[in-house]
Amino acid sequence: MTKILVTGATGTVGSLLVSSLVESGRDVRALVREPGRSELPAGVEVVQGDLSSPRTLEPALDGVSHVYLMWPGIPVDPRVVEVIAKRVERVVYLSADVPDLADGEPATIFHQDIERQLRKSGVSWTFVRAIDFATNTLGWADQIRRGVVRWPYGQAARSLIHERDIADVALRALTTEGHDGAKYVITGPESITHAEQVRIIGEAIGREVRWEDLPVETARRQLVASWGNPSFVEARLEAWRGFVDSPERVTDTVQRLLGRPARTFRSWAQDHADDFR
C-alpha cells in the first residue's frame, strides 16, 4: 500500500488531511517537530522532523511514495526539495495563487521558489494553489466579541476558501491519478466583501456585529506594529484596495475535482462560531 507522508500534520489543513487519509484506510506517516506533544488519530505513524533541517527528513521518507508538502514560511532551503524528490514518486504542494516564473526570474514569494524547485526536480508534482484561507478572519475575533470590526476596505470582495475544501482537494490529488503537473487554483464559491463577512459571522454567533472602515494610514501603522513586516503590510493593503473595484476571482476547481460545490463562507462561519464567542 502507498505510504503517504504529511508535513504540517498538526496544522489547519494538515490535521484534516491526516484524519481523512486515516478514514479512507490509507497508510499515513505524520511529520512533526515534537512527537510527544502531537495529538493525531490512532493508526498514524508519527515521526520527528523539521523542514528547517533537511537531514531529519531522510528517515521520515523511508518507504514513502507520496508527500503532502506545506511550507511554514521559514527561509527556503533547496535541499528540502532535493531530499524529497530523490526518495518519493509524487508531491502535492500547498501553494498560493501565484503566477508561474520563468527560469531566472526572481521569486517575489517563497511559494514561487518552491514551485520552481519542484518543477525542475523530476518528481511528479501537483500544486494546490489556495486563495486566502477563511480562517484568516479569526484575526477579527477580539473585535467581533466587542461588537464592531474596524478594518480597511470594507468593500473589498474576497473568495476565501474553507480549510476542509483545501484538505479534500489535497486528498484527491494524493490518492487518485490524473493530477501530475496540475496547478489547481481553488477558491470559495463566491466573492464576499469584508463587511459582509463580518455580518455573516455575527449571524452565526447570534449577535449583531458592525463594520467600521479604518482609514488606510491608521491601518498601515497598526498592522506594521502588529505584523512587523512593512512590505507585507503594503502588499496586503494594495491587494484589498484592488478587490474593491475588482472582486477576487472565483474558480470552479473544487466543483470539478470533488463533484460538489465549494463550501460557502457562511458554512465556515457556522463551523467556527465558537471561536468568535
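Residues that are outside any helix (DSSP H, G or I) and either free of Cβ contacts under 8 Å to residues at least 12 places away in the same chain or of a type in the set (Val, Ile, Thr) (or both) within the stretch 110-143 comprise 123, 126, 128, 131, listed in sequence order. With respect to residue 170, determine if the residue is over 21 Å from residue 273 (Cβ atoms), buried (at least 17 other Cβ atoms within 10 Å of the Cβ) and small (Gly, Ala, Ser). So residue 170 fits the description; yes. On the stretch given as the stretch 16-36, residues that are in contact with a helix residue (DSSP H, G or I) (Cβ under 6 Å, 6 or more places away or on another chain), farther than 13 Å from residue 67 by Cβ and modelled with pLDDT under 95 total 0. The set of residues in the stretch 249-277 that are in contact (Cβ under 8 Å) with a residue 60 or more places away in the chain and either hydroxyl-bearing (Ser, Thr, Tyr) or part of a loop (DSSP other than H, G, I, E, B) (or both) comprises 249, 250, 251, 253, 261, 262, 263, 264, 267, 272, 277. Residue-level analysis places residue 79 among those that are in contact (Cβ under 8 Å) with a residue 12 or more places away in the chain and in contact with a helix residue (DSSP H, G or I) (Cβ under 9 Å, 6 or more places away or on another chain).
Conditions tested, residue by residue: (1) crowded, with 17+ Cβ neighbours inside 10 Å; (2) at negative phi.
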residue: 126; (1), (2): yes, yes
residue: 132; (1), (2): yes, yes
residue: 144; (1), (2): yes, yes
residue: 163; (1), (2): yes, yes
residue: 176; (1), (2): no, yes
residue: 182; (1), (2): no, yes
residue: 203; (1), (2): no, yes
residue: 206; (1), (2): no, no
residue: 209; (1), (2): yes, yes
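Which of (1) within 18 Å of residue 191 (Cα to Cα); (2) touching a His at 6+ places or on another chain (Cβ under 8 Å) is the odd one out, the single condition residue 130 does not satisfy? Result: residue 130 passes all but (2). Of the helices (runs of 4 or more DSSP H) lying entirely inside the stretch 144-243, the ones with 1 or more residues being in the same structural domain as residue 271 (by TED's automatic domain parsing), over 30 Å from residue 3 (Cβ atoms) and touching a residue at least 40 places away in the same chain (Cβ under 8 Å) are found at 194-205, 216-227. Being polar (S, T, N, Q) and either under 29 Å from residue 26 (Cβ atoms) or surrounded by 15 or more Cβ atoms within 10 Å (Cβ to Cβ) (or both) is the filter here; which residues of the stretch 62-113 pass it? Listed by number, the residues that qualify are 65, 95, 112. The residue of the stretch 242-277 that is nearest to the chain's Cα centre (by Cα), among those that are closer than 30 Å to residue 217 by Cβ and surrounded by fewer than 14 Cβ atoms within 10 Å (Cβ to Cβ), is 249. Among the residues making up the stretch 52-61, those that are modelled with pLDDT under 90 and surrounded by 14 or more Cβ atoms within 10 Å (Cβ to Cβ) are 54, 56. Among 46, 67, which is in contact (Cβ under 8 Å) with a residue 60 or more places away in the chain and either outside the structural domain of residue 119 (by TED's automatic domain parsing) or touching a strand residue (DSSP E or B) at 6+ places or on another chain (Cβ under 9 Å) (or both)? Only one candidate qualifies: 67. For the stretch 10-36, the candidate set comprises residues that are of a type in the set (Gly, Ala, Ser) and touching a residue at least 24 places away in the same chain (Cβ under 8 Å); within that set, the residue that is surrounded by the fewest Cβ atoms within 10 Å (Cβ to Cβ) is 24.
Residues that are under 17 Å from the mean Cα position of the chain (by Cα), at pLDDT 90 or above and hydrophobic (A, V, I, L, M, F, W, C) within the stretch 104-122 comprise just one, 114.
The values are calculated or read from the model by the stated rules, or taken from the named source; none is laboratory data. Here the structure is a predicted model, which means the values were calculated and not measured. Quick reminder, even Gly has a Cβ in these numbers, built from the backbone with ideal geometry, and neighbours come from all protein chains shown.
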